[in-house]
Amino acid sequence: MKKLAMILVALLMVAVLFAGGKKENKTTATGAAKGYTYGEGVTFHSDEKVTYTMYFSDASWYPMVDTWKTEGVFKKIEDATNVHLDIVAYDSSVYTDKITLAINAGDSAYIIPKVYDESKFVDGGAVVAVSDYVKYMPNFTAFYNKYNMKADVDTIVKADGKFYRLPGMHEKALQDYTMMFRKDIFDAAGYNLEELEKTWTWDDLYDILVGVKAYMVKNGMCTDKDYIWSDLWCGSESGQGTGGNLLKIIGNSYGINAGWALGNGVQFDHDKNEWYFAATTPAMKAFLTVINKFVKGGILDPETFTQDDTTATNKFYNGKTVLMSINRGQYATWISGLETGLGKGNFETWYGMTPVALNKYTAESTRLENGVMIAKRALDELGEEGFIKMLRFVDWLWYSSEAYTLYKWGPEGETWHYVTDANTGLQVKALLPGYKCGGLGISGPEEDIDIRLKWGYAGGNFWYGHTTAENADNFLPVLQDFYARLGKYRDVKPLDPAVAPSEDENEQINLWGTPIKDTIASWSLQFILGQKDLNKDWDSYVKTLSNLNSQKLVDLINTVYKRSK
């Protein structure tokens, strides 16, 4: 298996050197049509102002405010394109439920971003087969062709040979979610994180944390009854009832789809070239056993799976816990929180690799991200000509480098400028004095304006996909170092093959899969929290899933897979 180093480290070295460098935009339009211009490297612009409705997943930790529309990201998009976005916002915790109700009722906004799984919307005809229209999208097509995205996009193609979600496409897979550690406390307890993380397992981490806790108890930093790990993105606010990010990361190292990655329990065996039911395997039991070990051993706070994210972060900021999940967009926020809670100079952190288990795969290894669906209502109400015009706007907004820079950094000269990197002598992006951005990992004094909080830049509804150089143009040295280590010590998971069921088959897969997924999620959390015994109750768990037709589900998916080979 090729190391990540083969595809990531060298690439990131290039990205570090060139990510911020000025580049000449292409100026050759692929077309101009009846009142608007468009093209690869060309700003979409409508001669007449148009309005498109769009859903927005509003994150509570950087909620949308009026200035996003009057001065910030939405105003700048409108200034550039003459397109007004009529935003329908829902809190991220209920976003999927809210848009599902509206889509099923035929009352959807035209543009539906932040969609992870479009399967349940396809059969009803409420969303458009966007694959029929990507020929009108020059930026999408150019990226798709240049970076050989066919095999990746084929994984979301349905039985009719079409796909219904415009995915975020990455040049290379970059793991985003990992863990931040209180390095000062681990050092004081005698643990060298830099050496340990190279090969550590989850059992190793447990033993280390037992030692760290003993050190903290001895020095009056906590009691035996305190938990020193209490995580976010797992509970009531963003865990989605599945255990969220943490179960996804740990599960991946056991070859198990869990948490945010939880599906219907069916996974692909590359050695056997077939699908199987992974949710009742020894690997699944080992995965649940190790998390239960952290909880039962007084290390991992059971409130992790019920608490809101602010409660979790405050425990870390105030020094009650010594590790917590993080993604690269939250680095500056976590550091700022620690400075507020503990005081500057009173802590040291380590942006670390997560442990391994039955494999050494990175926790995230796909080149596709969540994406955008387009409501059939848009086609019906706009007509084909107006619909194609809207898609060319969507193409610019999600797939052009110009728009990516705008909604990530803001307008050049207003929030950021180019500066000369002292080490390379190259031009790189930097925020102007007086600005900071938690979403970019760029901190600053309290009085500085956070461009994400005030104007909505570097927000998750737009900022995904694109080239590694573009992804990396805000990477601080701590992130550059993390990705170099990740490339050296971790592997890339092989891409799973596509399965394209017919409409009837997809309906049956969903009919069986939905209760199976809910059952896996419920039992998993009960096993983890000790509400059910992994030895005494395991057979009952297996039988429950069998009674829900888990084997029939596997058989059907294998039938579909073999037919499409």
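Solvent-accessible surface of the chain, taken per residue with a 1.4 Å probe and all protein chains present: 42 Å². Taken along its three principal axes, the alpha carbon spread of the stretch 414-565 comes to 63, 43, 35 Å, from the longest extent down to the shortest.
With respect to the cross-link table entries LYS493/LYS532; LYS49/LYS162; LYS320/LYS344, which display a Cα-Cα separation exceeding 21 Å? Please report the intermediate quantities before stating the final value.
On the way: LYS493/LYS532 32 Å; LYS49/LYS162 32 Å; LYS320/LYS344 17 Å.
Violating the 21 Å limit, Cα to Cα: LYS493/LYS532; LYS49/LYS162.
Note that the stretch 377-418 carries a Kirkwood radius of 11.8 Å, evaluated over its alpha carbons pair by pair.
Among 296-305, 220-229, 121-130, what's the highest-first ranking by average C-beta atoms within 10 angstrom per residue?
On the way: 296-305: 20.1, 220-229: 15.1, 121-130: 18.0.
Descending packing order for the listed peptides: 296-305, 121-130, 220-229.
When peptides 513-522, 237-246 are ranked by their average number of other Cβ atoms within 10 Å per residue, the highest-first order is 237-246, 513-522.
Pairs of Cα atoms in the stretch 368-502 fall into 5 Å distance bins, from 0 up to the last occupied one, in shares of 2, 8, 13, 16, 16, 15, 11, 8, 6, 4, 1, 0 percent. Per q in 0.15, 0.19, 0.22, 0.27 Å⁻¹, report the Debye log10 I(q)/I(0) for the stretch 464-515, using one uniform scatterer on each alpha carbon and no solvent. Debye intensities relative to I(0), on a log10 scale: -0.70, -0.78, -0.90, -1.12.
Taking every eigenvalue of the Cα gyration tensor of the stretch 490-565, multiplying by 5 and rooting it, what semi-axes result, largest first, whole Å? Don't skip to the answer; put the middle values down first.
Working: eigenvalues 156, 63, 22 Å².
They are 28, 18, 11 Å, listed from largest to smallest.
Quick check: the distance between the Cα centres of the stretch 289-360 and the stretch 494-518, to the nearest angstrom? With the stretch 289-360 and the stretch 494-518 each reduced to a Cα centre, they are spaced 35 Å.
What is the local net charge at LEU511, summed over the other residues whose Cβ is closer than 15 Å to its Cβ (Lys, Arg +1; Asp, Glu -1)?
Once all neighbours under 15 Å are counted, the net charge is -4.
Averaged over residues, the count of other Cβ atoms within 10 Å places the peptides 54-64, 186-196 in the sequence 54-64, 186-196, highest first.
Local charge sum around TRP68 (other residues, Cβ-Cβ under 14 Å, Lys/Arg +1, Asp/Glu -1)? Please list the in-between numbers first.
Details: positive: LYS69, LYS75, LYS76, ARG452, LYS454; negative: ASP58, ASP66, GLU71, GLU78, ASP79, ASP86, ASP450.
So the environment of TRP68 carries a net charge of -2.
Counting only Cβ charges, +1 for Lys and Arg and -1 for Asp and Glu, the dipole size of the chain around its Cα centre is about 1120 debye.
Placing unit charges on C-beta atoms (Lys and Arg positive, Asp and Glu negative, everything else neutral), compute the dipole magnitude of the stretch 302-409 about its Cα centre in debye, rounded to 20. Provide the component values of the computation, followed by the final result.
Details: 11 positive and 13 negative charges, 69 e Å.
That gives the stretch 302-409 a dipole magnitude of about 340 debye.
Could you give the C-alpha radius of gyration of the chain expressed as a fraction of 2.2 N^0.38 Å, taking N as the number of residues it contains?
On the way: Rg = 23.8 Å, N = 565, 2.2 N^0.38 = 24.4 Å.
Expressed relative to 2.2 N^0.38 Å, the Cα Rg reads 0.97.
For the chain, the share of accessible area belonging to carbon and sulfur comes to 49 percent (1.4 Å probe, ligands and nucleic acids excluded).
Less than 11 Å Cβ to Cβ from LEU205, Lys/Arg counted +1 and Asp/Glu -1: what total charge do the surrounding residues give? Around LEU205, the charge tally is -3.
The values are calculated or read from the model by the stated rules, or taken from the named source; none is laboratory data. These numbers come from a predicted model, not from an experiment. Every residue, glycine among them, receives a Cβ derived from its backbone with ideal geometry; neighbour counts consider all protein chains shown. Keep in mind that these areas ignore ligands, DNA and RNA; they rest on the heavy atoms of the full protein, side chains included. Shrake-Rupley method; radii C 1.70, N 1.55, O 1.52, S 1.80 Å.
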